[in-house]
Each structure stands twice: as structure tokens, then as C-alpha cells.
1. From the list Ala152, Ala124, Ala191, which residue is more than 13 Å from the ligand (Cβ to nearest atom) and open to solvent by less than 10 Å² (accessible area, probe 1.4 Å)?
2. How many residues does the range 80-105 contain that are open to solvent by less than 30 Å² (accessible area, probe 1.4 Å) and in contact (Cβ under 8 Å) with a residue 60 or more places away in the chain?
3. What helices (runs of 4 or more DSSP H) completely inside the range 359-478 contain at least 3 residues that are outside the structural domain of Val132 (by TED's automatic domain parsing)?
4. Just one of the numbered conditions (1) closer than 24 Å to Pro328 by Cβ; (2) open to solvent by less than 10 Å² (accessible area, probe 1.4 Å) is not true of Val204; which one?
5. Going through the range 204-223 one residue at a time, which ones are under 22 Å from the mean Cα position of the chain (by Cα) and not β-branched (Val, Ile, Thr)?
6. Can you confirm whether Pro449 is within 16 Å of the ligand (Cβ to nearest atom), at pLDDT 95 or above, closer than 30 Å to Val150 by Cα and open to solvent by 50 Å² or more (accessible area, probe 1.4 Å)?
7. Would you check if there is a residue in the range 318-332 being at pLDDT below 95, farther than 30 Å from Ile431 by Cβ and not aromatic (Phe, Trp, Tyr)?
8. Only one residue in Ala272, Ala209, Ala266, Ala248 is surrounded by fewer than 22 Cβ atoms within 10 Å (Cβ to Cβ) and either near the ligand (Cβ under 8 Å from one of its atoms) or not basic (Lys, Arg) (or both). Which one?
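The values are calculated or read from the model by the stated rules, or taken from the named source; none is laboratory data. Here the structure is a predicted model, which is why all the values come from computation and not from measurement. Here the Cβ positions follow ideal geometry from the backbone for every residue, glycine too, while neighbour counts run over all protein chains shown. Ligands, DNA and RNA are excluded from the accessible area calculation, which covers all protein heavy atoms including side chains. Shrake-Rupley method; radii C 1.70, N 1.55, O 1.52, S 1.80 Å.
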Amino acid sequence: MSDPTADLTTAAPEDDLLRRIQATGDGGREVVDAATRTPIGYAPVQTPDELEQAIARARAAQPGWEERGHAERSRLLNAAADAIDAHAEALARLLSREQGKPLNGPNARFEVGACSAWLRTAAATPLEPEIVVDDGTTRAELTYRAIGVVGAIGPWNWPLMITIWQIAAALRMGNTAIVKPSEYTTLSVLALVSVLNDVLPADVLIAVAGDREIGERLAAHPSIGKIMFTGSTRTGRKIVESSAENLARLTLELGGNDAGIVLPSADPKAIAQDLFWGAFINTGQTCAALKRLYVHDSLHDEVVAALAEVAAAMPMGNGLDERSVLGPLQNRAQFEIVSRLVDDAKANGGRVVTGGSPATQLGELFYPITLVTDVTDGVALVDEEQFGPALPIVRYSDVDDAVRSANRLDVGLGASVWGDRDEARRVATRIQAGTVWINSHGGVHPMIPFGGVKGSGYGLEFGVEGLKSVAVPHIVNG
Ligand code: NAD
């Protein structure tokens with residue numbers, strides 16, 4: 001095992017990336033390490049004028065990019081994936097420091113690996129013309145064309161992977177893209193874009209770093225044909241409002257509060273590890289994480305005990321420490337949401353099985369894995385998105401009640417059912433969510449469409465549906 005303190009003090013692989021992207025002069029915003037709260041560097045804060053110039057450049061570059069055709073664009077996307085692979089460790093370390101997620105476990109190295117995998121799949125996915133009618137008199141062919149300039153506005157939890165999700169299909173289809181990173185994880189996204197731009201032609205992909213005003217202006221800009229947005233439902237609504245003006249098409253991947261239902265046929269010990277990661281991947285800061293768990297009376301105590309046992313074996317700490325698989329909350333606002341929801345659950349009769357108060361011995365924004373039982377629907381920890389390492393576990397005795405509970409909130413990103421596969425599949429058909437996993441939770445695949453229902457947004461990413469969503473249909477009839 002490596003010495004984590006050595007990693008923290010000697011010249012690091014990410015220093016070269018940081019030199020490329022940091023703000024110079026005094027216009028930048030200080031970025032701190034999520035675990036240690038010590039400075040990493042300065043993120044640029046760009047102006048509305050710089051955004052205007054970037055959009056003009058992306059617009060000018062778009063026809064040439066589209067004219068290159070699918071094969072050439074795919075070749076360049078594969079080369080961009082190679083560039084990510086070549087910088088993988090530097091990107092993972094910078095992500096780990098800025099976002100807080102550990103290098104190991106399903107975290108920073110995993111995220112960087114997913115970036116190149118998604119690019120390669122977007123490059124390889126065929127999108128054939130469709131003959132929609134061919135009856136001797138009418139022949140109508142449907143193809144998909146680039147929209148123009150796509151704006152990509154992202155969150156801070158999986159900043160690299162989500163940026164790639166937003167831009168891979170867009171670039172493949174011949175659009176150019178403007179990326180607006182979250183103000184919490186700007187450096188990681190700028191580093192990624194810089195690496196991609198080692199390979200891509202000029203102005204096909206431009207990052208503009210700034211605060212929410214830059215996001216607002218990007219979403220409302222008349223030259224933007226499509227906004228790919230991943231973030232909170234609140235911001236999603238604002239983007240819908242601005243689309244009333246510019247008629248930008250939208251893909252909205254918004255918040256969730258995914259339910260998991262453990263059926264009486266489940267084996268608690270066999271599912272505990274997957275339940276754990278379903279809930280606590282990225283220390284719970286994941287859109288489609290399991291956020292409320294409904295467990296049948298008959299195995300409630302066994303499931304809780306098995307989960308607590310897994311939790312006890314998972315090291316939390318500084319992300320650069322090779323032993324860590326859980327990290328801090330990324331920012332104070334999120335730390336306070338988690339603390340408030342756990343305190344409120346305790347005040348409302350919740351029983352803390354493990355965790356339950358900040359792990360300040362690890363650092364300012366660490367909160368331990370927290371399992372809370374004896375809570376019911378209506379308690380804020382169950383009803384609100386905690387987006388952190390605290391899982392409410394609710395008892396049920398009738399599966400119809402559990403399904404009703406799963407469906408009662410106004411969000412529907414993911415859900416899961418655990419137990420006998422056939423029975424679980426039958427229950428899954430009754431759940432209002434974009435994806436219902438059986439005996440797992442949250443796994444995504446670059447060919448399987450992903451998106452939410454209800455307040456979790458609309459539009460699909462990944463696979464053929466993902467390509468279509470960043471294109472406009474074009475019909476030749478006759
Ligand atoms: P957020 O909505 O606060 O911010 C997201 C991005 O929007 C940031 O880049 C921000 O600068 C920008 N922004 C803020 N106001 C804007 C405006 N008025 N117009 C345009 N852009 C604006 O979200 P967050 O706190 O960064 O992310 C956490 C949320 O994202 C959680 O609710 C989580 O569930 C959700 N999320 C969803 C998915 C998914 O795939 N569905 C994935 C990750 C996160």
C-alpha cells in the first residue's frame with residue numbers, strides 16, 4: 001500500500017494539467033481540496049463577453065465539423081478517448097482532490113475509465129436511415145442531422161462522466177458544444193476538455209467556466225439549439241422557462257429519490273454488498289443512487305444487520321489514500337443538507353444503526369455512512385433527496401404498500417426491486433421511474449437509454465436514443 005502523505009506533498013501527475021487550465025492573474029476563484037480544504041489552485045471565472053465569443057466560434061466551426069461525416073468524427077472521438085486514457089491517472093487525481101471521491105472503489109479511476117468507454121461507444125453506435133413508408137407510391141426516408149451548437153451544463157457529483165455523457169453523442173452527430181462546468185468542480189472539467197482538445201479540431205468543443213449566470217445566459221442564448229442539462233429540478237425548471245424564448249431542445253436529467261424494495265424472497269447477506277453500493281456510490285452523491293429502502297418485515301432486521309456489516313468494512317478518508325473507498329461531501333451546502341436530514345429523522349423517532357453525526361476527525365466535510373431505521377414516509381430523510389451517505393430504511397408488510405410508497409413522490413429517476421427475479425420483474429413494471437433495476441441499483445451502460453420521468457426530467461441519453469436526442473429528424477418523402 002502506498003504512503004498517502006507522500007502523494008500529497010511531491011510533484012503530482014496532475015500538476016501539468018493544472019498548469020494548462022488555471023486562471024492567471026487575480027480573476028480566478030480559489031479551489032480547495034474537498035478532503036483537506038487546502039488550496040488546489042484557481043478556476044477561471046469567465047465573463048458574458050467570453051461566453052458570446054465562445055458561442056460565435058462554436059457556431060462558425062459547426063458546418064465544417066458536420067461536413068467531416070460520421071466516420072471521421074468517430075475516428076476523432078476514438079482518438080479523444082485515447083487521449084483520456086493517456087492522462088487517466090492525472091485526471092483521476094485532480095478529480096479526487098477537487099470532487100473528493102477516492103481514487104479507488106467505484107470512484108475517480110472508475111469515472112475516468114467510463115469517460116473513454118462512453119466516447120468509444122458513441123463513436124461506434126450505428127444510426128441507420130429508416131425507411132418509414134415504402135408502399136409503391138410513397139417512399140419516406142428518415143435520417144438524423146446535427147442541430148447546431150449544443151450547450152452542456154453539468155453538476156459537481158460525477159463531473160467528468162456527465163460532461164462526456166452530454167457531449168459524446170452531440171459531437172458524434174455533428175454538433176459543436178459549449179461546456180459549462182459546475183462552479184464546484186470546474187478544474188476537473190476544464191482539464192478533461194483540455195485533454196480532448198489535444199485531438200479535436202479547434203472550436204468544436206469549448207468550455208466556458210463561470211457561475212450560474214453563465215449557465216443562465218448559455219441556456220437562453222438564441223444561437224443554442226439544444227441544452228443538455230444535468231442538475232437540480234429547481235434549475236431544470238428555469239432552463240425550461242428560458243427555452244420558451246429560444247426554443248432550444250432540452251434533455252433534462254434532474255434530481256431523484258430512488259426507492260429500493262426488498263421482497264420477502266431476497267437473501268439479505270447475498271444482496272448486502274450491492275445494496276450498499278447502490279446507495280453509497282460516490283458517498284451517496286449520485287443522481288440514481290438508492291435513496292430510500294423499503295424492506296419487508298420478515299427480513300428487515302437481517303437486511304439492516306448485513307448492510308451495517310458491509311458499511312463497517314468500507315474505509316472513508318482522503319481520496320488520494322489508496323485505502324479509501326468513501327470520501328467527504330463535496331461542499332458545505334451538501335454537508336448541511338445531510339446533517340439536517342439526519343438530525344430531523346432522529347428527532348422524529350428514527351433509530352441510527354450506524355453513523356448519525358459528522359465524522360469531523362476525518363475532516364471538515366466528512367459524514368459517516370448512516371443507516372436510519374424506524375422512519376416512515378413523511379419524514380424528510382425519506383421524502384427529500386439527501387444526496388449523501390445517509391439511508392433511511394422503512395419497514396413494510398404488504399408489497400402493494402411498498403409500490404405505493406415508491407411511486408408517491410414527484411420524482412422518478414431510478415428504482416430497484418430485490419428478490420426472486422421473476423417476482424421482482426413483475427413488481428418493477430408497476431414502478432414509476434425511468435429505470436428499474438433488479439437485484440442491483442444504479443448501473444448504467446452506454447447502449448441502454450437512461451433518463452427520468454416526472455420531476456426527474458425528460459429526454460434520454462445513451463445508445464441510439466441518445467444519438468437521436470442530439471439531432472433533428474430529416475425526412476425525404478418521394
Ligand atoms: P444545480 O442545478 O445547482 O447546478 C447544475 C449546473 O447548473 C451548474 O453548472 C450550475 O452553475 C448551473 N446553473 C445554476 N443555475 C442555473 C440557471 N438558472 N440556468 C442555467 N444553469 C444554471 O445542481 P447541482 O447541485 O450541481 O447537482 C446536484 C443535483 O443534480 C441533484 O439534485 C442531483 O440529483 C442532480 N443530478 C442528476 C443527475 C441525472 O442524471 N439525473 C446526475 C447528477 C446529478
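1. After ruling out the rest, the residue left standing is Ala191.
2. Number satisfying all stated conditions: 15.
3. Ranges flagged: 380-383, 399-407, 421-428.
4. (1)
5. If the condition is that a residue be under 22 Å from the mean Cα position of the chain (by Cα) and not β-branched (Val, Ile, Thr), then Leu205, Ala207, Ala209, Gly210, Asp211, Arg212, Glu213, Gly215, Glu216, Leu218, Ala219 are the ones that fit.
6. Yes.
7. no
8. Selected residue: Ala272, the only one of Ala272, Ala209, Ala266, Ala248 that is surrounded by fewer than 22 Cβ atoms within 10 Å (Cβ to Cβ) and either near the ligand (Cβ under 8 Å from one of its atoms) or not basic (Lys, Arg) (or both).
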